[in-house]
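Take a look at the structure set out below.
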Amino acid sequence: MLMTDLLKADDISKAVGAFKAAESFDHKKFFEMVGLKKKTPDEVKKVFQILDQDHSGFIEEEELKFVMKGFSKDGRDLSDAETKKFMKAGDKDGDGKIGIDEFATLVAES
């Protein structure tokens, strides 16, 4: 499954473009811009599964660094600081990774 099967390509492109500059990533604004906030819980789960590159059931810090590329090949890598901030926001139980329920909560809080 591709991200464009779930979200509009134009929305993804605009969101990726809005956060091209280093240290500009804001997950709340990004999720809103790509239209993720309006999706059903099942669709949010499918997006999670796309971002979970190693299919471990979690998005680890290394995968989180490439989250924008998960939405579009034109996306940039997040900086270490952006990645750590994003992980801190999403990792509710402190285990160093984001599970599906944590991801759903992160999207809902956006």
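Three principal axis extents, largest first, for the C-alpha atoms of the range 61-110, in Å?
On the principal axes, the range 61-110 reaches 30, 20, 15 Å in Cα extent.
Specify which residue in the list Leu6, Phe103, Leu64 is farthest towards the positive end of the charge dipole of the chain, using unit charges on the beta carbon of Lys, Arg (+1) and Asp, Glu (-1), about the Cα centre.
Farthest towards the positive pole: Leu6.
Got a number for carbon plus sulfur as a percent of the chain's accessible area, 1.4 Å probe?
On the way: 3200 of 6150 Å².
On the chain, the fraction of accessible area on carbon and sulfur atoms equals 52 percent.
Highest GNM mean-square fluctuation, the chain, Cα pairs closer than 10 Å: which of Ala15, Ala81, Ala89?
Looking only at Ala15, Ala81, Ala89, the biggest GNM fluctuation is shown by Ala81.
Mind listing P(r) for the chain? All alpha-carbon pairs, 5 Å bins, whole percents.
The distribution over the chain is 2, 14, 25, 29, 22, 8, 1, given as percents.
For Asp93 and Asp54, what is the calculated FRET efficiency with R₀ set at 25 Å and r taken between the beta-carbons, to the nearest 0.05? Mind showing how you got there, number by number?
Numbers: r = 20 Å, r/R0 = 0.78.
Efficiency for this residue pair is about 0.80.
May I ask which residue of Gly17, Phe86, Gln49 lies farthest towards the positive end of the charge dipole of the chain, with charges of +1 (Lys, Arg) and -1 (Asp, Glu) on Cβ and the Cα centre as origin?
Gly17
In Å², what does the accessible area per residue of the range 1-109 work out to with a 1.4 Å probe? Could the numbers behind the result be given before it?
Numbers: 6130 Å² over 109 residues.
That works out to 56 Å² per residue.
Percent relative contact order of the chain, based on C-alpha pairs within less than 8 angstrom and at least six residues apart?
Details: 134 pairs, mean separation 33.1, N = 110.
So the answer I get is 30 percent.
The values are calculated or read from the model by the stated rules, or taken from the named source; none is laboratory data. Nothing here was measured: the structure is a model prediction, and the numbers come from that model. Ideal geometry is used to build each Cβ from the backbone, glycine not excepted, and the neighbour counts take in all protein chains shown. Heavy atoms of the whole protein, side chains included, go into the accessibility calculation; ligands, DNA and RNA do not. Shrake-Rupley method; radii C 1.70, N 1.55, O 1.52, S 1.80 Å.
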